[in-house]
1. For residues in the stretch 35-60 being assigned to a loop (DSSP other than H, G, I, E, B) and without any contact (Cβ under 8 Å) to a residue 12 or more places away in the chain, which is farthest from Ser105 (Cα to Cα)?
2. Just the residues that are among the basic types (Lys, Arg) and under 19 Å from Ser41 (Cα atoms), please, taken from the stretch 91-105.
3. Just one of Glu38, Glu126, Glu88 is in contact with an Asp or Glu (Cβ under 8 Å, 6 or more places away or on another chain) and either of a type in the set (Lys, Arg) or within 15 Å of Glu4 (Cα to Cα) (or both); which is it?
4. Scan the stretch 60-72 and tell me whether some residue there is farther than 23 Å from Asp92 by Cα and buried (at least 17 other Cβ atoms within 10 Å of the Cβ).
5. How many of the residues in the stretch 73-112 are assigned to a loop (DSSP other than H, G, I, E, B) and surrounded by 15 or more Cβ atoms within 10 Å (Cβ to Cβ)?
Amino acid sequence: MFREARIYSLAQVGGQCVLVLEETEGPRLLPIWIGLYEGGSIGMALQEEQKFPRPLTHDLFLNLLGAYNGAIRKVLVTSLKDSTFYAEIHVDLGGKAIVLDARPSDSIALAVRQKCPIFVADEVFEACPELLKPISDEEVEDFKKKLDNMTPEDFFRDLKAKKENEGENPEPGPEGK
């Protein structure tokens, strides 16, 4: 089952960004490590005020899609396997439904621009550390401080050790490049 999500926060941590999605009708949060370029692209789209004289990559994709009477209808974060998040972009191309395999970071950068819904599979929420809303400002700052000294591998290694101690065998990890 998929749950609707939206962007909760986006923060630069060292040479990467951490994108946190929040379950719209529930208490869960989902941190996804993404590249700086993708994080910058999402941040610019969220601000909506920054315009460039030439289209950036995600804008170019949407321009091409629009030229063929297409639009993104939704984005799904579908799974987490071998330290990699997977996503799909659901496109309507002139009345034909098309599903494209994509990284969550690119999918979300496009979803923000197209203003279409983002959904996350329950299994993805369940495979990640339990982060529940509401989070106080103090908890957010504490989380950011921990992230400053933590790599994505550290984050998910700690989670894997915790789950193994509980008798489970997860496959969580950062988004693949």
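Values quoted throughout were computed directly from the atomic coordinates according to the rules given, and no laboratory measurement underlies them. Given the structure is predicted, the values throughout are model-derived calculations rather than measurements. Here the Cβ is made from the backbone with ideal geometry for all residues, glycine too, and neighbour counts use every protein chain on show.
1. Pro53
2. Hit for the stretch 91-105 is Arg103, nothing else.
3. From the options Glu38, Glu126, Glu88, the qualifying one is Glu88.
4. No, the stretch 60-72 contains no residue that is farther than 23 Å from Asp92 by Cα and buried (at least 17 other Cβ atoms within 10 Å of the Cβ).
5. 2
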